[in-house]
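The values are calculated or read from the model by the stated rules, or taken from the named source; none is laboratory data. Small disclaimer: the values here were computed from a predicted structure and weren't measured. Don't worry about glycine lacking a Cβ; one is built from the backbone with ideal geometry, like all the others, and counts go over all protein chains shown. Please note that ligands, DNA and RNA were not included when accessible areas were found on the heavy atoms of the full protein model with its side chains. Shrake-Rupley method; radii C 1.70, N 1.55, O 1.52, S 1.80 Å.
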Amino acid sequence: LDQYGAGAGGTRNIAGNGQLHLQLEESLADLHGKENALLFSSCFVANDATLSTIASKLPGCVIFSDSLNHASMIQGIRHSHAKKQIFRHNDVAHLESLLASYPSTTPKLIAFESVYSMCGSIGPMREIAALAKKYGAITFLDEVHAVGMYGSRGAGVLELLADRERRSLLDDIDIITGTLGKAYGVVGGYIAASRNLVDMIRSYAPGFIFTTALPPAVVAGALTSVEYLKRSNVERGLQQLHTRMTKERLRELNIPVIPNPSHIVPVLVGDAEKAKWASDTLLRKHGIYVQSINYPTVPKGEERLRITPTPAHTPDLIEELGDALTSVWREGELWSEKQWLEQGFDVSMKLNMGKDVVPVASF
Ligand SMILES: Cc1ncc(COP(=O)(O)O)c(C=O)c1O
């Protein structure tokens, strides 16, 4: 802030470009094992700009999109005016049947996420990468809810799988997008991909070209954060540990946690008003902030509370959360996991989590 002032002073192409922006892009390309990276104001903009630009530059392109993809991807696909095919969440057989229905000459792009934030499921990236090879599709993976949090250097779930298999899975995916605003604690978004692809987006995407560059101090903060989390596994380990402890404790208390392999802890309420009431009561009565998630973000009848443990949510806080949820469940007469089952609804069977499951507490 002292050295460069508060703002970048212009767009990246006109006066707003700085050494720090280039350093951060280099650091992000290195993180994802890609030739190049490109910064955007946010990952919403990165997803929108990249998908709309690629698909609109590939005549006849068809985009295959997971049904739970984030709004930023849906918007990018819409803006591309390309044909869209939606496959059922994490259903690779459905994806393959859609891919196979087009000739090999049709340009194809598969868009999906690593960690789906509303249910915590994980995309079957190994299988999707294999399908992309078989049918000649470009792969676009949003690692927004995984960067900083998974993998030996924080590159995301793809890196975690690559670490496990001791081979580079990173090459299997063409475009990775991430945010600097969640685990990295700052703001901004990016893509990492081949040099040519990044050059193409840099040259054509209005969402990159016609907007003021990120402020240098913000970029310096993000760079420090990304570099720090490349070296430190302490935070990742603690987050996984606290997630496992939270899930185990809530299960012991018969609170209906929708199981998943990630750090997201969704607790099923099943009613919009009750979910809002539970969230309000947790805050007012117990001083605990937990977001309720209602339609249209989740289907009607699957309204939930979404808990995301962090490295700072220590065992005493987890205990406190368990007590508070027990009290709220009792007061609101909300259903326990057992009651859901008695109604013929198996909480644990609700969602397709994908086969590339990454168990929590794997560090
Ligand atoms: C899956 C996913 N992708 C992209 C974004 C957008 O990221 P940003 O907040 O950097 O715009 C979000 C934001 O919450 C998200 O959940």
Next item on the list: Show the residues, 5+ positions off or on another chain, whose built amide H is closer than 5 Å to the amide H of Arg304.
Entry: Val269, Gly270, Ile293
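Fully extended, how many nm does the chain gain between Gln23 and Arg164 (0.36 nm per residue separation, minus their Cα-Cα distance)?
Working: separation 141, 0.36 × 141 = 50.76 nm, distance 2.90 nm.
Gain on extension, Gln23 to Arg164, equals 47.9 nm.
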Check: If contacts are Cα pairs under 8 angstrom and at least 6 residues apart, what is the relative contact order of the chain in percent?
Finding: 20 percent
Note to self: Once you keep just the Cα pairs under 8 angstrom separated by 6 or more residues, what percentage relative contact order results for the stretch 81-145?
What the structure shows: 35 percent
Next item on the list: Please work out the Cα convex hull volume for the stretch 52-129 and give it in Å³ per residue.
Entry: 83 Å³
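Using the heavy atoms of the protein chains alone and a 1.4 angstrom probe, what is the accessible area of the chain per residue in square angstrom?
Working: 15780 Å² over 363 residues.
Value returned for the chain: 43 Å² of accessible area per residue.
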Notebook entry, point to check: So what are the ³J(HN,Hα) numbers for the stretch 329-335, from phi and the Karplus equation (6.51, -1.76, 1.60; θ = phi - 60°), rounded to whole Hz, Gly and Pro as x?
Noted result: 4, 5, 4, x, 6, 7, 6
Check: So for the chain, taking the charge dipole from beta-carbon charges (+1 Lys/Arg, -1 Asp/Glu), which of Leu98, Leu68, Leu158 sits furthest toward the positive end?
Finding: Leu98
Check: For the chain, with only Lys/Arg (+1) and Asp/Glu (-1) charged at the beta-carbon, what is the dipole magnitude about the Cα centre, in debye rounded to 20?
Finding: 640 debye
Check: What are the ³J(HN,Hα) values, in whole Hz, obtained from phi via the Karplus relation 6.51 cos²θ - 1.76 cosθ + 1.60 with θ = phi - 60°, for each residue of the stretch 16-23 in sequence order, with x given for Gly and Pro?
Finding: x, 7, x, 4, 5, 4, 5, 5
Margin query: Taking just the alpha carbons, could you work out the radius of gyration and Dmax for the chain, both in angstroms?
Written below: 21.0, 64
Check: What are the lysines whose alpha-carbon lies under 21 Å from the alpha-carbon of Lys83, with same-chain residues fewer than 8 places away excluded?
Finding: Lys57, Lys108, Lys133, Lys134
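Taking square-rooted eigenvalues a ≥ b ≥ c of the alpha carbon gyration tensor, is the stretch 154-221 rounded, prolate or oblate, where a/c under 1.5 means rounded and, failing that, a/b exceeding b/c means prolate?
Numbers: a/c = 3.35, a/b = 1.40, b/c = 2.39.
In terms of gyration-tensor shape, oblate.
Can you give the Rg to Rh ratio of the stretch 29-172, both from alpha-carbon atoms, with Rh computed by the Kirkwood formula? Before the final figure, lay out the partial values.
Working: Rg = 14.5 Å, Rh = 15.4 Å.
Here Rg/Rh amounts to 0.94.
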Notebook entry, point to check: When each pair of different Cα atoms in the stretch 221-262 is counted once in the 1/r mean, what is the Kirkwood radius in angstroms, to one decimal?
Noted result: 12.2 Å
Notebook entry, point to check: Counting only the backbone N, which residues of the stretch 94-119 are under 18 Å from the spot 7 Å out from the Cα of Met200 toward its beta-carbon?
Noted result: 104-112
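Taking the Cα centre of the stretch 173-319 as origin, sum charge times position over the Cβ atoms of Lys and Arg (+1) and Asp and Glu (-1), and report the length of that vector in debye to the nearest 20. Display every interim value, and only then the final one.
Values: 17 positive and 13 negative charges, 13 e Å.
That gives a dipole near 60 debye.
Using the crude model of +1 on Lys and Arg Cβ and -1 on Asp and Glu Cβ, and no other charge, please compute the dipole size for the stretch 121-219 relative to its Cα centre, in debye to 20.
Working: 10 positive and 10 negative charges, 19 e Å.
With only Lys, Arg, Asp and Glu charged at Cβ, the dipole is about 100 debye.
Would you work out what percent of the accessible area of the chain, with all protein chains in place, is carbon or sulfur (probe 1.4 Å)? The partial results should precede the final answer.
Values: 8450 of 15780 Å².
Result for the chain: 54 percent of the exposed heavy-atom area is carbon or sulfur.
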Note to self: Quick one: 3J(HN,Hα) in Hz for the stretch 277-294, Karplus 6.51/-1.76/1.60 with θ = phi - 60°, rounded, Gly and Pro as x.
What the structure shows: 4, 4, 5, 4, 5, 4, 6, 5, 8, 10, x, 10, 9, 9, 6, 8, 10, 10
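Ile318: net charge of surrounding residues, Cβ under 13 Å, Lys/Arg +1, Asp/Glu -1, itself excluded? If you can, show how the numbers build up before the last one.
On the way: positive: Arg244, Lys247, Arg249, Arg251; negative: Glu248, Glu252, Asp316, Glu319, Glu320, Asp323.
Net of charged neighbours comes to -2.
With a cap of 13 neighbouring Cβ atoms within 10 Å, and only residues DSSP puts in a loop, list the chymotrypsin sites (Phe, Trp or Tyr not before Pro) found in the stretch 226-324.
Tyr289
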Item checked: Under-5 Å amide H pairs with Phe64, H placed in peptide plane, nonlocal only -> Gln85, Leu109, Ile110, Ala111
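Relative contact order (percent) for the stretch 232-359, with alpha-carbon contacts under 8 angstrom and 6 or more residues of separation? Don't skip to the end; give the middle numbers.
On the way: 179 pairs, mean separation 41.5, N = 128.
Value for the stretch 232-359: 32 percent.
Work through the residues other than Phe64 whose Cβ is under 12 Å from its Cβ and net out their charges, Lys, Arg +1 and Asp, Glu -1.
Numbers: positive: Lys83, Lys84, Arg88, Lys108; negative: Asp66, Asp91, Glu96.
That sum, taken over residues with Cβ under 12 Å, equals +1.
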Next item on the list: Could you check what % of the DSSP bridge pairs in the chain are antiparallel, to the nearest 5?
Entry: 50 percent
Check: Put +1 on the Cβ of every Lys and Arg and -1 on every Asp and Glu Cβ in the stretch 1-120; which of Cys43, Ala29, Pro59 then has its Cα farthest towards the positive end of the dipole?
Finding: Pro59
Next item on the list: May I ask you to compute the full-extension gain from Gln291 to Tyr228, defined as 0.36 nm times their residue separation minus their alpha-carbon distance, rounded to one decimal in nm?
Entry: 19.8 nm
Margin query: Quick check: Cα centre of the stretch 69-95 to Cα centre of the stretch 259-322, how many Å?
Written below: 27 Å
